[in-house]
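Enquirer: Sharing a structure below in structure tokens format, with a few things to ask.
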Amino acid sequence: MSFNRPDQLRKLNETFDICIIGGGATGAGVALDATLRGYKVLLIEKGDFACQTSSKSTKLVHGGVRYLEQAVKKLDWHQFKMVYKALHERKILLKNAPHLAHPLGLLTPCYTRWERLYYRIGMWLYDKISGSTNLKSSRGLSKKEIQAEFPSIESHHLRGGVLYYDGQLNDARYALAILKEAERLGACILNYASLDSFELGAKSLKIKKVVFSDLLSKEIYTITVKAVVNATGPFTDKIRALANPRMKPRMKVSRGAHVVLPAEFWQGETALLIPKTDDGRVIFVIPWRDYVLVGTTDDPDTLSESPVILEAEKAYLISYFNRYSSKKATLEDISATFVGQRPLLQAQLDSTLNTDTKSLVRDHEVEVDGRSKLVSIMGGKWTTYRVMASDTLDVLEKEVLNVPVKPCLTKDHILAPASPVALPATVEPDIRAHLSEIYGPAAGEVYGYGADRILANQPFLVGELTYLKEHEMAVTWEDVLARRWGIAIRDEALAEKLKAIKKEAFAS
Ligand SMILES: Cc1cc2nc3c(=O)[nH]c(=O)nc-3n(C[C@H](O)[C@H](O)[C@H](O)COP(=O)(O)OP(=O)(O)OC[C@H]3O[C@@H](n4cnc5c(N)ncnc54)[C@H](O)[C@@H]3O)c2cc1C
């Protein structure tokens with residue numbers, strides 16, 4: 001069976017042990033973990049895989065310097081443990097898909113002696129908490145060293161800085177890699193399949209069947225399942241209400257906007273952490289595959305399937321970029337924008353509380369509804385997707401399936417095809433870089449589908465379009481441009497050009 005819709009639909013004539021709703025980072029993680037534990041798994045995703053929050057993150061694999069600062073300032077042990085957990089997950093995430101995640105240096109500029117000392121101690125603590133999983137030790141830098149090593153930074157008034165390390169990931173492709181691996185091991189994984197309702201047992205009111213629509217064929221499926229995991233991120237409350245209308249909302253949505261600039265605005269491979277904006281936020285400037293990503297914001301929002309950036313958000317991010325960059329940008333220089341909605345979890349069950357989303361802890365919680373037995377995995381972040389999955393299945397086995405908890409096997413599970421195919425030595429360097437970064441060990445296999453470029457001087461190949469349809473379940477041009485290649489969220493104009501040339505290859 002291949003990772004395409006016809007093959008996955010053929011697997012649907014079965015009953016399943018576990019149905020997972022949502023194909024973002026969280027659902028993908030649960031699908032792989034459950035499959036490795038030996039369960040028969042079905043995952044349905046309403047849109048394309050990772051089409052919501054999981055492709056719109058800042059793409060950092062991190063413990064969270066800001067969360068550590070909050071933990072120390074508030075003496076918050078819970079928050080501290082969360083940073084610890086994420087820092088230890090960081091290395092596992094990098095190890096399991098090295099073509100999709102790598103270490104990233106981040107520089108924090110300091111403007112007073114006190115700031116230098118403060119951030120030096122903070123980053124030292126960040127290293128210490130990472131322990132043996134630290135990626136590389138942080139170090140203090142003088143103004144002269146920064147001027148020599150990081151010419152892109154505006155050095156006016158600068159007193160020095162601290163360089164530390166986290167990870168950077170290709171979020172959309174990482175989710176896809178997890179899902180492809182789950183499918184290869186036996187799971188049925190389907191995009192454009194939306195959960196409509198549940199069928200409950202007559203007496204127990206426990207979920208017995210899931211009813212979902214294939215949004216492409218319009219066919220409706222009713223599938224018998226033993227357990228259901230709700231991994232719908234910001235949409236969690238909607239699914240909870242379908243299972244049991246009495247459940248009170250738990251999610252608080254916060255929007256995070258990013259702008260992208262061409263690479264000429266930021267030299268080198270080191271990112272910048274702006275540790276404190278006037279309104280108490282953290283903003284990152286991150287080199288990102290020939291572009292530079294600036295973000296993000298953190299404001300309460302209403303739930304939306306397609307959040308769009310506001311002009312004020314663009315102006316805000318560009319104004320902070322210009323404060324810290326020696327090369328100044330204007331709004332016209334922006335090559336792309338994207339906005340994600342954080343699925344934040346309210347500690348209190350009162351939706352009027354905690355309106356300041358910046359103060360909400362990024363931890364996760366597994367909830368089992370006592371009546372329907374719906375298991376909802378809520379909150380969390382990309383970096384901890386694997387722990388979130390493991391916690392979810394432990395609870396599900398204990399409280400829904402009533403079986404002994406099986407070991408989680410994802411920690412050392414490499415996300416790569418079983419038989420890698422190397423690229424021929426003659427492949428041009430830009431195509432080699434593109435295919436290797438996107439497909440990793442499968443680069444040679446993809447190249448085998450045809451080496452013609454779609455557009456001169458661009459590494460995207462005509463043959464990739466067939467591969468994406470047959471082996472990566474791409475259905476629309478947006479699936480290809482925004483998530484399989486990610487070019488639409490780096491350079492909207494280039495994405496449109498590619499689409500115009502090969503319009504007939506996918507639906508719009
Ligand atoms: C701006 C921003 C920046 C971030 N930066 C980072 C970062 O740098 N590092 C980090 O670790 N974390 C980061 N995060 C957090 C991280 O991105 C999220 O925690 C994570 O992506 C959430 O994944 P998810 O799978 O829970 O949700 P989602 O990715 O939103 O997935 C839920 C899925 O459920 C699907 N769905 C909804 N309803 C249905 C239905 N009825 N039937 C079937 N499917 C349905 C949706 O289509 C969606 O694809 C960031 C978040 C934001 C918003």
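The values are calculated or read from the model by the stated rules, or taken from the named source; none is laboratory data. All values reported here derive from a predicted model rather than from experimental measurement. Every residue, glycine among them, receives a Cβ derived from its backbone with ideal geometry; neighbour counts consider all protein chains shown. Calculation scope for accessible area: heavy atoms of the full protein, side chains included, ligands and nucleic acids excluded. Shrake-Rupley method; radii C 1.70, N 1.55, O 1.52, S 1.80 Å.
Enquirer: With respect to residue 78, is the statement that it is within 18 Å of the chain's Cα centre (by Cα) and either open to solvent by 10 Å² or more (accessible area, probe 1.4 Å) or farther than 25 Å from residue 292 by Cα (or both) true?
Expert: Numbers: within 18 Å of the chain's Cα centre (by Cα): no; either open to solvent by 10 Å² or more (accessible area, probe 1.4 Å) or farther than 25 Å from residue 292 by Cα (or both): yes.
Answer is no for this residue.
Enquirer: Please find, among 98, 103, the residue that is closer than 18 Å to residue 271 by Cα and either in contact with a helix residue (DSSP H, G or I) (Cβ under 8 Å, 6 or more places away or on another chain) or within 16 Å of the ligand (Cβ to nearest atom) (or both).
Expert: Details: 98 fails: closer than 18 Å to residue 271 by Cα.
Going through 98, 103 in turn, just one is closer than 18 Å to residue 271 by Cα and either in contact with a helix residue (DSSP H, G or I) (Cβ under 8 Å, 6 or more places away or on another chain) or within 16 Å of the ligand (Cβ to nearest atom) (or both): 103.
Enquirer: Let me ask you something else. Restricting to the stretch 144-202, count the residues that are within 14 Å of the ligand (Cβ to nearest atom) and among the hydroxyl-bearing types (Ser, Thr, Tyr).
Expert: Matching residues across the stretch 144-202 total 4.
Enquirer: Among residues belonging to the stretch 122-139 that are outside any helix (DSSP H, G or I) and surrounded by fewer than 17 Cβ atoms within 10 Å (Cβ to Cβ), point out the one that is farthest from the chain's Cα centre (by Cα).
Expert: Among those residues, the one meeting the criterion is 139.
Enquirer: Can you tell me how many residues in the stretch 418-475 are in contact (Cβ under 8 Å) with a residue 40 or more places away in the chain and either in contact with a Ser or Thr (Cβ under 7 Å, 6 or more places away or on another chain) or open to solvent by less than 70 Å² (accessible area, probe 1.4 Å) (or both)?
Expert: Quick first cut of the stretch 418-475, residues in contact (Cβ under 8 Å) with a residue 40 or more places away in the chain only: 418, 436-441, 454-455, 458, 462, 465, 469-475.
Cutting the leftovers down to either in contact with a Ser or Thr (Cβ under 7 Å, 6 or more places away or on another chain) or open to solvent by less than 70 Å² (accessible area, probe 1.4 Å) (or both) gives us 436, 438-441, 454-455, 458, 462, 465, 470-475.
Final tally of qualifying residues: 16.
Enquirer: Here's something else I'd like to know. Does residue 216 fit the bill of being assigned to a loop (DSSP other than H, G, I, E, B), more than 9 Å from the ligand (Cβ to nearest atom) and closer than 21 Å to residue 475 by Cβ? Can you show your working first?
Expert: Working: assigned to a loop (DSSP other than H, G, I, E, B): yes; more than 9 Å from the ligand (Cβ to nearest atom): yes; closer than 21 Å to residue 475 by Cβ: yes.
Yes, satisfied.
Enquirer: Scanning the stretch 42-83 for residues that are assigned to a loop (DSSP other than H, G, I, E, B) and of a type in the set (A, V, I, L, M, F, W, C), which turns out farthest from the ligand (Cβ to nearest atom)? Don't jump to the end; show me each part of the working.
Expert: Just the residues of the stretch 42-83 that are assigned to a loop (DSSP other than H, G, I, E, B), to begin with: 45-52, 56-59, 62-64, 74-76.
Imposing the further condition that a residue be of a type in the set (A, V, I, L, M, F, W, C) reduces the set to 49-51, 75.
On the way: 49: 7, 50: 6, 51: 5, 75: 24 Å.
In this case the residue turns out to be 75.
Enquirer: Among the residues of the stretch 51-85, what is the count of those that are hydrophobic (A, V, I, L, M, F, W, C) and touching a Phe, Trp or Tyr at 6+ places or on another chain (Cβ under 8 Å)? Outline the logic, then answer.
Expert: Here is the first cut: in the stretch 51-85, the ones hydrophobic (A, V, I, L, M, F, W, C) are 51, 60-61, 65, 68, 71-72, 75, 77, 80, 82-83.
Now restrict to residues that are touching a Phe, Trp or Tyr at 6+ places or on another chain (Cβ under 8 Å): 60-61, 65, 68, 71-72, 82-83.
Residues in the stretch 51-85 being hydrophobic (A, V, I, L, M, F, W, C) and touching a Phe, Trp or Tyr at 6+ places or on another chain (Cβ under 8 Å): 8 in total.
Enquirer: Can I ask one more? Taking the stretch 317-336, which residues are surrounded by fewer than 19 Cβ atoms within 10 Å (Cβ to Cβ) and within 14 Å of the ligand (Cβ to nearest atom)?
Expert: none
Enquirer: Which ones in the stretch 297-314 are farther than 18 Å from residue 492 by Cβ and either under 18 Å from the mean Cα position of the chain (by Cα) or in contact (Cβ under 8 Å) with a residue 12 or more places away in the chain (or both)? Let's see the steps before the verdict.
Expert: Filtering the stretch 297-314 down to residues farther than 18 Å from residue 492 by Cβ leaves 297-305, 312.
Across the stretch 297-314, the qualifying residues are 297, 298, 299, 300, 301, 302, 303, 304, 305.
Enquirer: Continuing with this model, one more query. Only one of these is under 14 Å from the mean Cα position of the chain (by Cα) and aliphatic (A, V, I, L, M): 60, 36, 42. Name it. So that I can check it myself, show each step before the final result.
Expert: Working: 36 fails: under 14 Å from the mean Cα position of the chain (by Cα); 42 fails: under 14 Å from the mean Cα position of the chain (by Cα).
Going through 60, 36, 42 in turn, just one is under 14 Å from the mean Cα position of the chain (by Cα) and aliphatic (A, V, I, L, M): 60.
Enquirer: So which residues in the stretch 95-121 are part of a helix (DSSP H, G or I) and open to solvent by 40 Å² or more (accessible area, probe 1.4 Å), if there are any at all? Full working, then the answer.
Expert: Filtering the stretch 95-121 for residues part of a helix (DSSP H, G or I) gives 95-96, 113-121.
Matches in the stretch 95-121: 95, 113, 114, 115, 116, 117, 118, 120, 121.
Enquirer: Has the stretch 16-33 got at least one residue that is closer than 30 Å to residue 192 by Cα, over 18 Å from the mean Cα position of the chain (by Cα) and among the aliphatic types (A, V, I, L, M)?
Expert: Let us first name the residues in the stretch 16-33 that are closer than 30 Å to residue 192 by Cα, namely 16-33.
From what's left, over 18 Å from the mean Cα position of the chain (by Cα): 16-19.
Restricting the remaining residues to those that are among the aliphatic types (A, V, I, L, M) gives 18.
Yes, there is a match, as at least one residue in the stretch 16-33 is closer than 30 Å to residue 192 by Cα, over 18 Å from the mean Cα position of the chain (by Cα) and among the aliphatic types (A, V, I, L, M).
Enquirer: Here's something else I'd like to know. Between 410, 392, which is assigned by TED's automatic domain parsing to the domain that holds residue 23, open to solvent by less than 80 Å² (accessible area, probe 1.4 Å) and within 20 Å of the chain's Cα centre (by Cα)?
Expert: Working: 410 fails: assigned by TED's automatic domain parsing to the domain that holds residue 23.
The conditions single out 392.
Enquirer: OK, next. Would a scan of the stretch 9-23 turn up a residue that is surrounded by 21 or more Cβ atoms within 10 Å (Cβ to Cβ), assigned by TED's automatic domain parsing to the domain that holds residue 228 and among the acidic types (Asp, Glu)? Before you say what the answer is, go through the steps one by one.
Expert: Within the stretch 9-23, the first condition is being surrounded by 21 or more Cβ atoms within 10 Å (Cβ to Cβ), and the residues that meet it are 16, 18-23.
Subset that is assigned by TED's automatic domain parsing to the domain that holds residue 228: 16, 18-23.
Narrowing the set further to residues that are among the acidic types (Asp, Glu) leaves none.
Within the stretch 9-23 (the criterion being surrounded by 21 or more Cβ atoms within 10 Å (Cβ to Cβ), assigned by TED's automatic domain parsing to the domain that holds residue 228 and among the acidic types (Asp, Glu)), the answer is no, since none of the residues qualifies.
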